[in-house]
Amino acid sequence: MSKLNFAFYWAASCGGCEIAILDINEKILDVVAKADIVFWPVAMDVKYKDVEAMPDKKIDVCFFNGSIRNSENEQMAKLLRRKSKVLVAFGSCAHEGCIPGLANLHDRKEIFERVYHETPSTKNPNRDEPITPFEVREGTIHKPIFFNTVKTLDQTVDVDYYLPGCPPPVDLIVKALELITKGEVPPKGSVLAPEKSVCDECPRTKDQKKISKIFRVYEKEPEPETCLLEQGILCMGPATRAGCSAQCLQVDYPCTGCGGPCPNEPDQGAAMLSALASILGVDEEMEEGYDPEEMMSQIKDPVGTFYKYSLPHSIIKRKVMKK
Amino acid sequence: MAGFEPTIVGFLCNWCAYAGADLAGTSRIQYPPNIRIIRVMCSGRVDPIFILEALRNGADGVLVAGCHLPSDCHYLSGNFKAQKRIILLKKVLSQLGIEPERLRLEWISASEGDKFAAVVKDMVVKLRKLGPNPLGNGEISNE
Ligand code: SF4
Ligand code: SF4
Ligand code: SF4
Ligand code: FES
């Protein structure tokens, strides 16, 4: 059997997904035995023009991490789509926008104002900002255009599979690579992770189904055996897809939702909001003087909590800016 | 906004609010035709996703109406759940630049046809002032 051609690319990403690929350790040798890596900017010196010169569909599988923040990300998504038989949205950024997607609470103007002018470490008396195209003595420089809105990969091009997680857990990566190299691929559009929630994989016991008080993580030393949510620590486990073996919970940290929505759930944030509202204040409801506003005001930053990884992928997708 | 007529999606619980709306109809109480009613079994059945989808698809306002607190809900506490969800959802909406007043929760019993009509009238007046849903119907653009 001839070797497969693999490509790895990073768009608007933190680099963590690249590390996750390296974290498969010696398994990478199995990959290299079955596949040639034809493009991987973080590790190999291959230029964009080399990709452009490839015949269409030359790449068998492209693993694309990072969201679509600017015109370079977009161009590369389109180019790699054309050159690849299978395109995998690798990691939360490509899948649903992730942390960079929280920038959708602002637009380019606000972000530039903050980054180029307001940050305490910035001295920029001429109020310079990136300009493109830009004329210099040697010619014209075309810099990427920064978009107002962060998009997911599948809001930009057609995507075949999704590998969730920030970054995807090594187990899921290894399984996905095995499936793909064996040619045993699931139906197009599949998320390559188990059909259950983080709670289903979580070893903690749950029985209360009601809470009265919310604690931030630093406000409480969690009891080791019981569900964090039942201890009042906001945990996105009920609304998050499994696949990570509930790894945060194993080190006493709540799930913040990086695995993305549960199967068939269109909006992870809304699902968690709904679940939380069902259990918070159940005992207090029937009491004299119950104040639902006060009860719910314990959740300080609903978008940042419920949509930490999924704002661009959510139903509303971004903040509406005042005209 | 001259001539702007808001569209309201109303999720009414089968046992109280829907019966109240029905009574408004059979009693011939006049109320504006701006509301599109969806009957649900309980206000607690209104998934926040329904509300977000309604707004995403261009509804200018969303009304959720159920049985009076504390003990009229036929499923005991669906109305309490709806109330908490809507409080949180309003916060989410305002963080996303959508006026939270577009979303309204009311308790309307089967005998309160007049209240149903008054709520719809009042919503229409307020939404006319607020103008069209800022999400429009459009997709997000790249720029
Ligand atoms: S998904 Fe997480 S690890 Fe991967 S690039 Fe995005 S922020 Fe980094
Ligand atoms: S809510 Fe969190 S702590 Fe509780 S069972 Fe689910 S994942 Fe585990
Ligand atoms: S527990 Fe939640 S936040 Fe932690 S890795 Fe798993 S999905 Fe991500
Ligand atoms: S049945 Fe009317 S609110 Fe539950």
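Observations on the structure shown:
- Number of the exception - A:Ile233 against (1) among the β-branched types (Val, Ile, Thr); (2) out of contact with any Phe, Trp or Tyr (no Cβ under 6 Å at 6 or more places or on another chain); (3) under 22 Å from A:Leu280 (Cβ atoms); (4) open to solvent by less than 40 Å² (accessible area, probe 1.4 Å): (2)
- Residue check, A:Thr156 within 14 Å of another protein chain (Cβ to nearest Cβ) and away from ligand 4 (no atom under 16 Å from the Cβ): yes
- Test set (1) part of a loop (DSSP other than H, G, I, E, B); (2) at the interface with another protein chain (Cβ under 8 Å from one of its Cβ atoms); (3) under 30 Å from A:Thr156 (Cα atoms); (4) modelled with pLDDT of 95 or more - A:Lys322 fails condition number: (4)
- Residue check, B:Ile98 assigned to a helix (DSSP H, G or I), of a type in the set (Val, Ile, Thr) and within 13 Å of chain A (Cβ to nearest Cβ): no
- Scanning region A:237-275 for residues that are open to solvent by 20 Å² or more (accessible area, probe 1.4 Å), assigned to a loop (DSSP other than H, G, I, E, B) and more than 14 Å from every other protein chain (Cβ to nearest Cβ) returns A:Cys244, A:Ser245, A:Val251, A:Asp252, A:Tyr253, A:Thr256, A:Cys258, A:Pro263.
- Within the set B:Arg128, B:Arg104, B:Arg36, the sole residue that is out of contact with any Cys (no Cβ under 8 Å at 6 or more places or on another chain), assigned to a helix (DSSP H, G or I) and more than 10 Å from chain A (Cβ to nearest Cβ) turns out to be B:Arg128.
- Residue match in region A:289-299 (condition: under 24 Å from the mean Cα position of the chain (by Cα), hydrophobic (A, V, I, L, M, F, W, C), over 23 Å from A:Pro168 (Cβ atoms) and surrounded by fewer than 16 Cβ atoms within 10 Å (Cβ to Cβ)): no
- Selection status of B:Gly25, over 30 Å from A:Ser314 (Cα atoms) and outside any loop (DSSP other than H, G, I, E, B): yes
- On inspection, A:Leu177 fails the criterion of being open to solvent by 10 Å² or more (accessible area, probe 1.4 Å) and within 16 Å of the chain's Cα centre (by Cα).
Residues checked against (1) assigned to a helix (DSSP H, G or I); (2) at positive phi; (3) surrounded by fewer than 16 Cβ atoms within 10 Å (Cβ to Cβ); (4) among the charged types (D, E, K, R):
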position: B:Glu5; (1), (2), (3), (4): no, no, yes, yes
position: B:Val9; (1), (2), (3), (4): no, no, no, no
position: B:Tyr18; (1), (2), (3), (4): yes, no, no, no
position: B:Tyr31; (1), (2), (3), (4): no, no, no, no
position: B:Gly44; (1), (2), (3), (4): yes, no, no, no
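- Of the residues examined, B:Arg85 is not one that is touching a residue at least 60 places away in the same chain (Cβ under 8 Å), closer than 27 Å to A:Tyr307 by Cα and facing another protein chain (nearest Cβ under 7 Å).
- Residues of region A:180-199 classified as more than 16 Å from ligand 1 (Cβ to nearest atom) and under 21 Å from the mean Cα position of the chain (by Cα), total: 9
- Some residue of region A:291-310 being assigned to a loop (DSSP other than H, G, I, E, B), touching a strand residue (DSSP E or B) at 6+ places or on another chain (Cβ under 8 Å) and more than 12 Å from chain B (Cβ to nearest Cβ): yes
- Residues of region A:193-209 satisfying the condition of being in contact with a Leu (Cβ under 8 Å, 6 or more places away or on another chain) and either crowded, with 22+ Cβ neighbours inside 10 Å or closer than 21 Å to A:Ser297 by Cβ (or both): A:Ala193, A:Val198, A:Cys202
- Among the conditions (1) surrounded by fewer than 16 Cβ atoms within 10 Å (Cβ to Cβ); (2) closer than 28 Å to A:Arg114 by Cβ; (3) away from chain B (no Cβ under 14 Å); (4) in contact (Cβ under 8 Å) with a residue 24 or more places away in the chain, the only one that A:Cys166 does not satisfy is (1).
- In region A:127-160, residue surrounded by the most Cβ atoms within 10 Å (Cβ to Cβ) [restricted to those that are hydrophobic (A, V, I, L, M, F, W, C) and touching a Lys or Arg at 6+ places or on another chain (Cβ under 6 Å)]: A:Val150
The values are calculated or read from the model by the stated rules, or taken from the named source; none is laboratory data. Keep in mind it's a predicted model, so treat the numbers as computed, not measured. All Cβ positions, even for glycine, are placed from backbone atoms using ideal geometry, and neighbour counts span all protein chains on display. Please note that ligands, DNA and RNA were not included when accessible areas were found on the heavy atoms of the full protein model with its side chains. Shrake-Rupley method; radii C 1.70, N 1.55, O 1.52, S 1.80 Å.
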